Amino acid sequence: MSQDNDARLQFAEFLTRLANGRDQSTEWSEYVATHYSDPFLEEIRRCVMRLRHYSTAVWGDQASSDTLLSWADALRLSIDSPLQPHNHSYISLRMTASEFVMLDCMLRRFSETDEFMIKDNAERQALYNLQCLCESYPAHSELPAISIAREELLGQ
């Protein structure tokens, strides 16, 4: 991975931690107070500064967190070569467009209501299919334990 791609990925991971409320002041100075020769990364950095200091958005609210996560996604998608992590930090699952639509519908409903429910057989089938994809992941045995995954997602 090129140096610019590596910096983009690291900054994306920082933005994800920041959006999830796990930022440290040392990380802020390491990532945001630094200037980058990569024009795209530098513009994202500037946007983070503007959001934090000049925006009418409330820092730490859902809207600002969603913005940070969107920028993290944009950085990941801008990386020239496909991510092929050796430590299984990222996992790609292939699903049909119909499976994706059903899962997206359920997740959007969950994010809006905080209730996770299955409304019909199509949603049930999409979840079964996703479970099969998870079970068939080639390095399933190398994934972290559920306790470690929870800790990583929720912080200490």
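Only loop residues by DSSP count here, and only those with at most 14 other Cβ atoms within 10 Å; note down the chymotrypsin sites (Phe, Trp or Tyr not before Pro) in region 90-156 that meet that.
For chymotrypsin sites (Phe, Trp or Tyr not before Pro) across region 90-156 that sit outside H, G, I, E and B with at most 14 neighbouring Cβ atoms in 10 Å, the list reads Tyr90, Phe116.
Identify which of the listed values of Cα Rg over 2.2 N^0.38 Å was calculated from the structure shown: (i) 1.19; (ii) 1.11; (iii) 1.35.
Only one listed value fits the structure, namely (i).
Suppose a student asked you for the relative contact order of the chain, using Cα pairs under 8 Å spaced at least 6 residues apart; what percent would you report?
Here the relative contact order equals 23 percent.
Can you tell me how region 97-154 classifies by the Cα gyration tensor, rounded, prolate or oblate, using a/c under 1.5 as the rounded cut?
Judged from the Cα gyration tensor, region 97-154 comes out oblate (a/c at least 1.5, b/c at or above a/b).
Every number in this text was worked out from the coordinates using simple rules, so none of it is lab data. Note that this is a predicted model, so its numbers are computed, not measured. Cβ atoms come from the backbone with ideal geometry, glycine included; neighbour counts cover every protein chain shown.
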